[in-house]
1. Which of (1) under 20 Å from residue 184 (Cβ atoms); (2) touching a strand residue (DSSP E or B) at 6+ places or on another chain (Cβ under 7 Å); (3) loosely packed, with under 13 Cβ neighbours inside 10 Å does residue 93 not meet, given it meets every other one?
2. Can you tell me which residues in segment 315-327 are over 15 Å from residue 270 (Cβ atoms) and free of Cβ contacts under 8 Å to residues at least 40 places away in the same chain?
3. Would you be able to say whether some residue in segment 364-382 is under 30 Å from residue 302 (Cβ atoms) and under 31 Å from the mean Cα position of the chain (by Cα)?
4. Surrounded by fewer than 20 Cβ atoms within 10 Å (Cβ to Cβ), touching a residue at least 60 places away in the same chain (Cβ under 8 Å) and more than 31 Å from the chain's Cα centre (by Cα), is that true of residue 506?
5. Could you please find all residues in segment 467-513 being within 20 Å of residue 607 (Cβ to Cβ) and not in a strand (DSSP E or B)?
6. Anything in segment 402-420 that is surrounded by fewer than 16 Cβ atoms within 10 Å (Cβ to Cβ) and assigned to a loop (DSSP other than H, G, I, E, B)? List them, or say none.
7. Mind telling me which of the residues 678, 694, 656, 706 ends up being touching a residue at least 24 places away in the same chain (Cβ under 8 Å), touching a strand residue (DSSP E or B) at 6+ places or on another chain (Cβ under 8 Å) and assigned to a helix (DSSP H, G or I)?
8. State whether one or more residues within segment 387-399 are more than 30 Å from residue 199 (Cβ to Cβ), buried (at least 17 other Cβ atoms within 10 Å of the Cβ), touching a helix residue (DSSP H, G or I) at 6+ places or on another chain (Cβ under 9 Å) and assigned by TED's automatic domain parsing to the domain that holds residue 101.
């Protein structure tokens, strides 16, 4: 066999050509090192920033508490707390028939257990066990036991031991399953996750998961007072951890509770922040700190002058001991002002976050003391417990399998259907002008932030080159304690125009490395590209959003990042950069931040939004959303949704590519058509139909649209 020989010189020429192409591309391939701005990661920035805000707001709270002298002063404070919580969670519903039924009855030597279902709302079932003592005269004092975040709920061994000990001491005892546990488990996930799911959907809709959970407990008391065995003047409540939370938070709304013993929960939030602790959605009230209210412990002020015991432990990793004592000092002043200091005390045993035997016996003693029993009989004797299945009030261990039972998600959807905003037709310049003004007010109200007086300092720090790309690094300071590291890319081969593309990704500026082909094309057209780490992203992560401190502060991270975008565009316009036009290229949640920023400022001349959330309502509509606290804006859907945001942008070009539903799946054509119908009408009315696009596209199509869109005036 004979081979055709290629001249050596030709091979060398081809090889040199290939290597030159390779080297040309390699020269322009940026690395993480090339776009790293800060000398050290600012990974404590958000923690320090939020902590300082918390300290500042708690100083205001403490100064208010220090002025309270009389019982009337403290009662007024308790009323303020009550009204604030209701304003944030919505009023409780009207009482409806409990339709309580006993589904089984267990006879034991000295007590009886009844398995009970009742409806706190129509067809919203609560599973419970009622323990009744034998050989006693009725009515008897009663204790409502709220379980903590335990998957087993009321059937857990500890809850059974507590209830059996109570009934053997002559109490009637009721244990209920809290939403998300026991027979009321949802989504087959941990209790806290279940509360996050419903909590996020409820927040966006304008209601609150606390509203559901507190109402369950209030209706449990309604059931108790309906029983002839119960002395309605001697009702106590206790629970540990999440149960301690509900034993605290219910007090401003339930004056029938005469004795309260919250366990391993009451604390002072600023100590918890300094301990870097988070919380659950039912315990978060938007803007509480901003209103000088500490929801972790302040509801306890409503219990005065009735007996209250804080049952705490020294080594509780969720509730710092110093925070317990801080709260206790204020409560003692309140009870002293009411003339009953003996009715309040705090105990702290050497233990972790639990409800151990010593703690339980302390509770029994306190309950006996204030309900007329013999407090010396506080010891808990050993007892056998039941199989969990024997305590089921529902047939198959799930109330949601019962006929006509309603899921909590249904109740959120029901609330939304009665409270969602009413879209308006925007199809001319006058209606658009009114709509933009309204949307600006709505956004500022939902985000609880001042966007009218933005100040920014800082600027270019260093300029260097990588291949044909010039990189200028900068650091901006939009407010004290916050830095925004960013980069400005130019082409060495082209004279750059005064137009800037602002690239924002939910993962920070490092994502631009995935888009280098497009970046080179855009730079080749003479545009400059700016990319910045919004606070809590990239070099300044983590953002602490899962802690929910920003929500308690009334300053959601969503709004803070919009502030950062507005500060960045202000700098691009007013600094030596002197940007004439700024077009925003945003991906993921950063695309949402950019769209909101566009409503508040005309400095952004166009928007290309890649994989944004289609609508906030889709987060509520899906069974299990994949978005969390990063998009959790209180009551947003009562005022607007994304179609109204895009309507407000309709004097400018907007292209939305591959929008996502609340479960982060691609939106279907039917979902997109709903959005398109609303927004396209506005664009048509303004004779700008070609400036609006929303579609699901392939990767290749997406690159073309992005390139053309960012270069289209």
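1. (3)
2. Hits for segment 315-327 are 315, 317.
3. no
4. Taking the combined requirement at face value, the residue does not satisfy it.
5. Correct list: 497, 498, 499, 506, 507, 508, 509, 511, 512.
6. Listed by number, the residues that qualify are 403, 404.
7. Checking each option against the conditions leaves just 706.
8. There is no residue in segment 387-399 that is more than 30 Å from residue 199 (Cβ to Cβ), buried (at least 17 other Cβ atoms within 10 Å of the Cβ), touching a helix residue (DSSP H, G or I) at 6+ places or on another chain (Cβ under 9 Å) and assigned by TED's automatic domain parsing to the domain that holds residue 101.
The values are calculated or read from the model by the stated rules, or taken from the named source; none is laboratory data. For clarity, every value in this text was computed on a predicted model and none was experimentally measured. We place every Cβ from the backbone using ideal geometry, glycine too, and count neighbours over all the protein chains shown.
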